Amino acid sequence: MPDQTVPSPATDPDAPEPRASSRALGGLGCGGAAFVGVFLLVGMLAWSAWASKNFPRVAPEEMADRALQRSQEAYTVMGFTRTIEPGLEKLGVSTRNTLSSSSCYDSGLLGLEDETIDGAYSMSHSWALDHVPTSQAVPGLRRLHRFLRDEGWEVTSYREGERGRLWDLFVQRDDGDERMSFTWYPEREYFTGGATMPCAYDPEWKKGDVSPAGDDQRPPGSIRPQPWRLGAATAATSSSSVQPPSQPS
């Protein structure tokens, strides 16, 4: 009997692929996709952690001036007619024009940490005015609300109090890096405002410094009444020392 040749699966074009091989290839594809997903996630977290500490280098004196200018802009739009000198006599009662600074924090790669960033600080300016009647506070705050919204600020909260309750306005921009807040207390006829600047590195910071940079700053000037018209406050701010932070070299 002549020899017969039996075709093997590898050479038979009609033979199906072994199932084990299919499972191996499928597993490799799922594993590869999972690896890419993890790689992208780690990359995004690393970028977020780096960006959270990528602050400009700005002297506290310059940040103090910027914060004061923000407050001056709001004060002008409100239409107040009195001058607020630097300082504070009695908290919650007298006029106020003060500066303060706070530390900046790193939330870590997973956003679960809360560590102080060496040399970084955030400058804030607080102001207040007493004897503010309804005739000044209500139209002024409504006007300020419209103005800041039109200027591109995100209004995170705005409340018009009823029956003697508080009126307040909270705004932010740059994902909350810069913020302002305003509150009027009808019963006391007391109005407060504040501006918080983005975090920055103090160029003069040295290893071992404890307090946040600029914590000893005093307002560089008074908050003064200025005539306001549409666009006037913006023009005054843009022509002052309020400029975008310079990037670190």
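Which residues, taken from the stretch 182-216, are of a type in the set (D, E, K, R), more than 20 Å from Val132 (Cβ to Cβ), open to solvent by 40 Å² or more (accessible area, probe 1.4 Å) and in contact (Cβ under 8 Å) with a residue 24 or more places away in the chain?
Residues of the stretch 182-216 of a type in the set (D, E, K, R): 187-189, 202, 204, 206-207, 209, 215-216.
In the following step, the residues that additionally are more than 20 Å from Val132 (Cβ to Cβ) were identified as 202, 204, 206-207, 209, 215-216.
Right, trim to open to solvent by 40 Å² or more (accessible area, probe 1.4 Å) and you get 204, 206-207, 209, 215-216.
Selection gives Glu204, Lys207, Asp209, Asp215.
Applying the selection to the stretch 157-195, what residues are on the phi > 0 side of the Ramachandran plot and under 17 Å from the mean Cα position of the chain (by Cα)? First the steps, then the outcome.
So in the stretch 157-195, the residues on the phi > 0 side of the Ramachandran plot come out as 163-164, 174-176, 189.
Residues satisfying the conditions are Asp174, Asp175, Gly176.
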Please go through (1) open to solvent by 70 Å² or more (accessible area, probe 1.4 Å); (2) more than 26 Å from Ala59 (Cα to Cα) for Leu166 and return the number of the only condition it doesn't satisfy. (1)
Would you check which residues across the stretch 131-143 are within 29 Å of Gln217 (Cβ to Cβ) and surrounded by fewer than 16 Cβ atoms within 10 Å (Cβ to Cβ) and list them? His131
Can you find a residue in the stretch 172-181 that is open to solvent by less than 30 Å² (accessible area, probe 1.4 Å) and within 22 Å of Pro219 (Cα to Cα)? yes
Within the stretch 54-80, residues under 18 Å from the mean Cα position of the chain (by Cα), assigned to a loop (DSSP other than H, G, I, E, B) and not aliphatic (A, V, I, L, M) come out as Asn54, Phe55, Pro56
Kindly indicate whether Val138 is at pLDDT 95 or above, hydrophobic (A, V, I, L, M, F, W, C), assigned to a helix (DSSP H, G or I) and within 25 Å of the chain's Cα centre (by Cα). no
Selection count, the stretch 217-242, where residues are at pLDDT below 85 and open to solvent by less than 90 Å² (accessible area, probe 1.4 Å): 12
Note on the stretch 144-158: residues open to solvent by less than 80 Å² (accessible area, probe 1.4 Å) and outside any loop (DSSP other than H, G, I, E, B) are Leu144, His145, Phe147, Leu148, Val155, Thr156, Ser157, Tyr158
Could you tell me whether the stretch 94-111 includes any residue that is part of a loop (DSSP other than H, G, I, E, B) and at pLDDT 95 or above? yes
Is there a residue in the stretch 159-173 that is closer than 12 Å to Ala74 by Cα and assigned to a helix (DSSP H, G or I)? no
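The values are calculated or read from the model by the stated rules, or taken from the named source; none is laboratory data. Please read all numbers here as calculations on a predicted model, not as lab measurements. Cβ: placed from backbone, ideal geometry, glycine included. Neighbour counts: every protein chain shown. What goes into the accessible areas is simple: the full protein's heavy atoms, side chains included, and nothing from ligands, DNA or RNA. Shrake-Rupley method; radii C 1.70, N 1.55, O 1.52, S 1.80 Å.
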